[in-house]
Amino acid sequence: MPTKTSRRAAVAASSPDTAPAAPRVKRDRTHYLYIAVIVAVALGIAVGLIWPDAGVELKPLGTGFVNLIKMMISPIIFCTIVLGIGSVRKAAKVGAVGGIALGYFLVMSLVALAIGLVVGNVLHPGDGLHITNAIKATGHEQVSPDALPPVDFVLSIIPLTFVSAFTEGQVLQTLLVALLAGFALQAMGSVGQPVLRGIEHIQRLVFRILSMVMWAAPIGAFGAIAAVVGSAGLDALKSLAVLMLGFYVTCFLFVFIVLGTLLRVVAGLNVFTLFKYLAREFLLILSTSSSESALPRLIAKMEHLGISKPVVGITVPTGYSFNLDGTMIYMTMASLYIADALGTPMSIGEQIPLLLFLLLASKGAAGVSGAGLATLAGGLQSHKPALVDGVGLIVGIDRFMSEARALTNFAGNAVATVLIGTWTKEIDKGRVRQVLAGELPFDETTLLDENEGAAAELPEPREDGEKELAKA
């Protein structure tokens, strides 16, 4: 015969009001991954200094990891843009975002060029150097045939087929196809909702694959750093320390004074707080010398921050081709350095036309591997061929300067996304404060805000052009 206690327990167990046990929260172990990256970078530096030949042989490890990340860029951009545009009724809203973004990118590129111009004319780091025939030959080898003139560059944005935009890894081609698909689904209205839901599921799959790929980051960082240190060595660093130091200082001033002031005035945010939120992305870029390695995570983190999908989807991919602030500073200072080293310093009247030409040339080499050096060599070859002889002077330290280039480019695009979200009123300021305060942590496992279950319902298109921001 059951006791009173057992009957009471049975009733409690069968009661519909009994609260179910809270689901077990998964521990976030991704911080171990980034500790491992730091350790791998230190080991890579040690290997590069002690066994330089072995360090150079490890380069494929870094190249392979960056290629894994690049593999994910096209599908992530496609899903993000299609979902963002497809949930907005008025196409004019998207056009406004793109127009503001391109205008801002042009202005900031000119500002970056101006700052590099001032610092380069103050330092004159190339004075007293001597050019050998070997250095001249090395400089001419850097002229890339992949850099396109402006007209051909615009035509290259159109892919050969709809699918080739994904297979060839061209960011701007993917951007074009995604814009067309997004506007088409937008025009279809409710009929296009099932397609949008399908793309949302694909986005979840792609981000989960990316989170798996990230666990290879320590291996990639070790190989990349060991190869750079092993190939350059200390001698190259000593001879060009003034140029490197001047470039680093210029990038620092641009990011924390120019961009930091803009961020404070326009969005009311502290640049250090924003960069703390993006600390893991900065570490990833530092270890791979490639800002592209952090592009997918920047998209995910900016959406999590509270900026709408259309703004993030258009600003970030476009910025990676048109908002290259670090590359602008690099080309300015490197051009002045080479001119001084060749004993043919340029007057201000000669410097400005050259730099404006390099500003345009950089857009044609946006997708070229090692774009900074290739763009510089190609631009000088077209506008001032005599200076190509001196490009070989900076080949030895280009990979070290590419660290600052990539970090500056990434910082510029992160700040641009916040600013454009603020100007277009497509930002949830309350959520921004919560995220930056650590109250809504970013899900490092899925890189998305939704739970593990079914994908959240997409908002129906609304006439006012606004969209619902992702809920925490």
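The values are calculated or read from the model by the stated rules, or taken from the named source; none is laboratory data. Keep in mind that what you see is a predicted model, and the values were worked out from it rather than measured. Here Cβ is always computed from backbone atoms with ideal geometry, including for glycine, and neighbour counts include all displayed protein chains. Ligands, DNA and RNA are excluded from the accessible area calculation, which covers all protein heavy atoms including side chains. Shrake-Rupley method; radii C 1.70, N 1.55, O 1.52, S 1.80 Å.
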Cβ pairs under 7 Å, 6+ apart, first in region 102-116 and assigned to a helix (DSSP H, G or I), second charged (D, E, K, R) and open to solvent by less than 10 Å² (accessible area, probe 1.4 Å): Met108/Asp325; Ser109/Asp325; Ala112/Asp325
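Evaluate the following for Ala341: is it in contact with a helix residue (DSSP H, G or I) (Cβ under 9 Å, 6 or more places away or on another chain) and at pLDDT 80 or above?
No: the conditions fail for Ala341.
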Looking at region 267-287 only, could you name the residues that are open to solvent by 10 Å² or more (accessible area, probe 1.4 Å) and over 23 Å from Glu439 (Cα atoms)? Leu286
Please specify each residue of region 213-258 satisfying the condition of being modelled with pLDDT under 85, open to solvent by 70 Å² or more (accessible area, probe 1.4 Å), aliphatic (A, V, I, L, M) and more than 27 Å from Ala416 (Cα to Cα). Leu234, Val242
Suppose the filter is farther than 24 Å from Gln170 by Cα, crowded, with 23+ Cβ neighbours inside 10 Å, modelled with pLDDT of 80 or more and of a type in the set (A, V, I, L, M, F, W, C); does Met328 pass it? no
List every residue pair whose Cβ atoms lie under 9 Å apart, where the two residues are 6 or more positions apart in sequence or sit on different chains, the first residue falls within region 151-165 and is of a type in the set (S, T, N, Q), and the second residue, located anywhere, is open to solvent by 40 Å² or more (accessible area, probe 1.4 Å). Ser156/Leu148; Ser156/Gln170; Ser156/Gly367; Thr161/Thr167; Ser164/Gln170
Please identify the pairs in which a residue from region 190-208 that is of a type in the set (Ser, Thr, Tyr) has its Cβ atom under 8 Å from the Cβ atom of a residue that is part of a helix (DSSP H, G or I) and surrounded by 16 or more Cβ atoms within 10 Å (Cβ to Cβ), counting only partners at least 6 apart or on another chain. none
Selection count, region 406-433, where residues are open to solvent by less than 20 Å² (accessible area, probe 1.4 Å) and basic (Lys, Arg): 1
Flag if Leu33 is modelled with pLDDT of 80 or more and assigned to a helix (DSSP H, G or I): no
Residue in region 167-178 that is nearest to the chain's Cα centre (by Cα), counting only those that are touching a residue at least 12 places away in the same chain (Cβ under 8 Å) and surrounded by fewer than 18 Cβ atoms within 10 Å (Cβ to Cβ): Gly169
